[in-house]
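Below is one structure, written out as C-alpha cells; comments come after it.
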Amino acid sequence: MRVLLVSLVLCASACQLDLSSGDEAVARSREALGPPYRLRDIGPTGYANSSGPFAFAPVPSSTRTAFFATTPTEGTEPWVTDGTAAGTVLLADLIPGVTSSAVNYPTTPSLSSRWLPLGNALYTRATERLGNTLWRTDGTPDGTQRVFSAEHISVGPELVGGQLLFAAQNKLYVSDGTAAGTSSSVTMSCTPLS
C-alpha cells in the first residue's frame, strides 16, 4: 500500500497508488478506500509544530514509501512507512540530535533533499557533519547507509543512464550506488568569464 502524508500527522491516503503495473500508477477512488485516517503522529504529545513531511518516494521492489519529516528530537531526517503505525519509523538520525540532515526549500524544490530510485534502493544527498554526502536505503533502518563521504557534494546527485552523477570538490563522480562503484571521472576547472 502506498501512502501520502498530510501536514501535522501521518495519514493513510484517500487515493492509493498501485505501482505494480510498470510505470503506470492506478488510482483507486475515495469511495473504495474510505476517508483518510491518522496513521501515526510523528511529533510527540504536545509538539505544536508540524512534522512538515516532504519528498515522498516509493521504495523500489517494496511496499514502503520513504520521506523526510521533522521532530523536535531528531530534526529533519529520513523516515519510511509501510502504511501502518508500527511500520512508520525513522530510517536514520544522520546527525544525532536536533540538527537536521535534510533540507526543505518549499519555494525552490530543486534544492530540497529528494530521493532517486536506482536498482532496489533509493538515493539521496544528505547534510551531515562531513558535509553533503550520498546515502542509500532499501527502506529499512539496517539498509540505510552512507555511500560516499570523502568530499563535500556540491551538485547532484542526478540519475543519468542508470548511474548517479554528482560533483564534489571540482570533480565529477559516477556511481552505481555502491562505495566501490563510485569514482571520479573528470576534474573540472572554473575560469571566470571576462
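The values are calculated or read from the model by the stated rules, or taken from the named source; none is laboratory data. Keep in mind that what you see is a predicted model, and the values were worked out from it rather than measured. Neighbour counts run over all protein chains shown; Cβ positions are idealised from the backbone, glycine included. Heads up: the accessible areas ignore ligands, DNA and RNA and are worked out on the full protein's heavy atoms, side chains in. Shrake-Rupley method; radii C 1.70, N 1.55, O 1.52, S 1.80 Å.
For every other residue with a beta carbon closer than 9 angstrom to the beta carbon of residue 124, add +1 if it is Lys or Arg and -1 if Asp or Glu, then tell me the sum. Walk me through the numbers before you get to the answer.
Values: positive: 114, 125, 136; negative: none.
Surrounding charge for residue 124 is +3.
Can you sort 51, 100 by 1.4 Å-probe accessible area, starting with the largest? Walk me through the intermediate numbers first.
Numbers: 51 5, 100 45 Å².
Ranked list, largest accessible area first: 100, 51.
List the residues whose amide H sits under 5 Å from the amide H of residue 155, counting only those 5 or more places along or on another chain, with H placed 1.01 Å from N in the peptide plane.
167
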